[in-house]
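This report concerns only the one structure given below.
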Amino acid sequence: MTETATITGSRSRPSDGPTGTTYPDSPDARSPPSITGQSAQDLELETLHSQTYATAISFPEGGRRAWLVVLSSFCLIAATFGMTASVGLFQSYWQSHQLSAYSSRDIAWISSVQIFLTLSLGVQVGPLFDRYGPRWLTFIGSVGCVSYILLLGQCTKYWHFLLCFGILGGISCAILTTVALSVISHWFKARRGLATGITFTGTSLGGIVFPIALSSIFERMTWAWSMRLLALVEFVLVLVGNLFVRGRLPTQKQGGVINFWCFKDSRFAWTTVGISCFEFVLFTAIGLLPTYALDQGFSQQTSFNVIAIMNAGSGLGRYIAGLVADHYGRFNSMNVSIVVSLVATLALWLPIHHNLVLFYVMVPIFGFGSGSVMSLAPVCIGELGKVSEYGQRYGTSYSVVGIATLVSIPTAAELQASAGMRPFVAFCGGMLVLALMSFLMARWACLDYKWRGKVKV
């Protein structure tokens with residue numbers, strides 16, 4: 001029978017989940033101050049409040065209200081990460097139309113800025129969620145999300161796209177994605193992997209529908225009208241998100257915007273490094289696979305289809321990973337998912353050599369593995385601390401991950417141009433090896449550096 005290790009913080013503090021083995025290697029065990037500074041009396045009161053909070057907390061783990069929240073998060077993720085998963089299509093279109101005078105490396109910075117802001121601004125949005133709840137944040141992010149797509153239809157110059165798609169889009173998506181993922185932790189604990197996996201299938205839905213629909217619409221409509229139609233779809237998605245989003249736990253009035261003490265916890269540090277390495281590769285693939293397909297001599301339609309196919313595999317991976325993680329452990333499932341992506345990269349992607357069949361085999365398998373990792377990343381972060389601090393921890397982690405994604409597409413585009421496609425793919429494989437090693441170290445740290453194979457972690 002497989003053992004279960006509950007990943008919590010201090011031995012003296014009741015855990016947020018089921019009882020089990022606890023580990024002292026956590027910032028919670030040392031009760032460090034946030035960067036805002038607190039007196040000893042304030043810290044003592046906060047510790048007492050946290051203990052009472054943790055003891056009394058319970059999770060619905062389902063029910064009509066909880067699943068409506070999942071639906072809300074699903075729609076918000078479809079409207080945000082679903083668009084992010086389609087950036088390769090936008091880059092390809094811009095390069096052949098409005099921004100034809102610019103290189104692929106220059107154009108890559110536009111989407112990189114959006115991805116960077118989407119991930120790194122969680123460090124600001126997370127604590128705001130902890131303090132004020134999801135309602136107003138969701139509304140503000142929704143207005144920004146619809147607005148940037150409408151404005152995108154009027155863009156004609158490089159700086160227009162950078163300001164609109166990169167900056168306004170990045171800020172708006174950061175608000176909505178952080179709320180969508182954080183609110184799940186209010187309603188689910190034991191089944192959080194499943195709930196998060198379902199939520200993240202919104203990325204795949206958007207990543208399938210948007211590229212296929214837009215590639216068809218671009219042939220029939222002008223750029224401006226295409227964006228207006230896309231804005232209408234976004235409006236419907238964020239409307240559902242606003243109707244059903246709902247927090248459940250008490251808001252937390254104390255705590256800094258970012259807590260660097262989190263990185264004193266080796267589990268958190270290794271997890272952040274692992275996510276950074278993997279998402280470097282993931283967003284490189286999302287941004288440059290269409291260009292890679294054209295370079296291999298495949299058709300323009302294949303370059304459009306590749307993103308949809310990858311996201312179809314990703315959707316299946318996100319759902320299955322959530323189910324498996326709840327039964328076999330979040331970190332165990334994460335390591336298996338990274339191995340799937342690594343095999344797809346080195347065994348299938350590296351030797352493609354203009355082989356269209358092998359390309360179509362590789363893409364959904366890579367998508368399956370990457371989708372699994374994306375859905376498990378926030379769940380693994382949630383395993384390492386109190387539920388009341390999830391927003392802060394998520395934001396702190398992704399402030400680092402965002403830096404990796406900022407340089408991912410431009411760096412890979414430069415590597416493609418200077419060294420060729422095979423070194424580019426080999427480099428991606430090396431980054432995945434680093435991601436796997438980091439998560440293996442995180443798992444080892446969760447077990448107090450006593451390696452055990454058949455343990456649910």
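The values are calculated or read from the model by the stated rules, or taken from the named source; none is laboratory data. Computed from a predicted structure; not experimentally measured. Glycine gets a Cβ as well: all are built from the backbone with ideal geometry, and neighbour counts include every protein chain shown.
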Report task. Inspect all residues belonging to the range 275-296 and state whether any of them is of a type in the set (S, T, N, Q) and within 21 Å of V209 (Cα to Cα). Result -> yes
Query raised in the report: Any idea which of (1) within 30 Å of V407 (Cβ to Cβ); (2) surrounded by fewer than 17 Cβ atoms within 10 Å (Cβ to Cβ) is the one L232 doesn't satisfy?
Result: (1)
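Within the range 183-203, is even one residue farther than 27 Å from R248 by Cβ, in contact with a helix residue (DSSP H, G or I) (Cβ under 6 Å, 6 or more places away or on another chain), in contact (Cβ under 8 Å) with a residue 40 or more places away in the chain and β-branched (V, I, T)?
no
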Query raised in the report: Before we move on, is G255 modelled with pLDDT of 75 or more and either under 30 Å from Q91 (Cβ atoms) or surrounded by 18 or more Cβ atoms within 10 Å (Cβ to Cβ) (or both)?
Result: no
Report task. Among the residues of the range 316-341, write down those that are under 19 Å from L181 (Cβ atoms), surrounded by 24 or more Cβ atoms within 10 Å (Cβ to Cβ) and touching a residue at least 60 places away in the same chain (Cβ under 8 Å). Result -> R318, A321, G322, A325, R330, F331, S333, M334
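Yes/no per residue for (1) in contact with a Phe, Trp or Tyr (Cβ under 8 Å, 6 or more places away or on another chain); (2) assigned to a loop (DSSP other than H, G, I, E, B); (3) surrounded by 23 or more Cβ atoms within 10 Å (Cβ to Cβ):
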residue: G166; (1), (2), (3): yes, no, no
residue: I171; (1), (2), (3): no, no, no
residue: V179; (1), (2), (3): yes, no, yes
residue: S182; (1), (2), (3): yes, no, yes
residue: G193; (1), (2), (3): no, no, yes
residue: G197; (1), (2), (3): yes, no, yes
residue: S204; (1), (2), (3): no, no, yes
residue: P211; (1), (2), (3): yes, no, yes
Query raised in the report: Quick one: in the range 295-305, which of the residues that are touching a residue at least 60 places away in the same chain (Cβ under 8 Å) and not acidic (D, E) is surrounded by the fewest Cβ atoms within 10 Å (Cβ to Cβ)?
Result: Q301
Report task. Specify which of the listed residues (I381, I403) is under 16 Å from S266 (Cα atoms) and either in a helix (DSSP H, G or I) or aromatic (F, W, Y) (or both). Result -> I381
**Report entry** Answer from G429, G453, G395, G391 - the residue that is of a type in the set (G, A, S), surrounded by fewer than 21 Cβ atoms within 10 Å (Cβ to Cβ) and touching a residue at least 12 places away in the same chain (Cβ under 8 Å)
**Finding:** G429
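To keep it simple, each residue is scored yes or no on (1) assigned to a loop (DSSP other than H, G, I, E, B); (2) more than 28 Å from A285 (Cα to Cα); (3) modelled with pLDDT under 60.
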position	(1), (2), (3)
E46	no, yes, yes
H49	no, yes, yes
Y53	no, yes, yes
G62	yes, yes, no
S73	no, no, no
L76	no, no, no
G82	no, no, no
Query raised in the report: Which of the helices (runs of 4 or more DSSP H) contained wholly in the range 88-162 include at least 3 residues that are surrounded by 17 or more Cβ atoms within 10 Å (Cβ to Cβ) and touching a Gly at 6+ places or on another chain (Cβ under 8 Å)?
Result: 104-120, 122-132, 135-152
Report summary line: The one condition I352 fails out of (1) closer than 30 Å to A442 by Cβ; (2) surrounded by fewer than 21 Cβ atoms within 10 Å (Cβ to Cβ); (3) in contact with a helix residue (DSSP H, G or I) (Cβ under 7 Å, 6 or more places away or on another chain) is (1)
Report task. Taking L232 as the residue in question, decide whether it is in a helix (DSSP H, G or I) and at pLDDT 85 or above. Result -> yes
Query - Residues of the range 424-457 classified as assigned to a helix (DSSP H, G or I) and either out of contact with any Phe, Trp or Tyr (no Cβ under 8 Å at 6 or more places or on another chain) or under 28 Å from I352 (Cβ atoms) (or both), total - result: 17
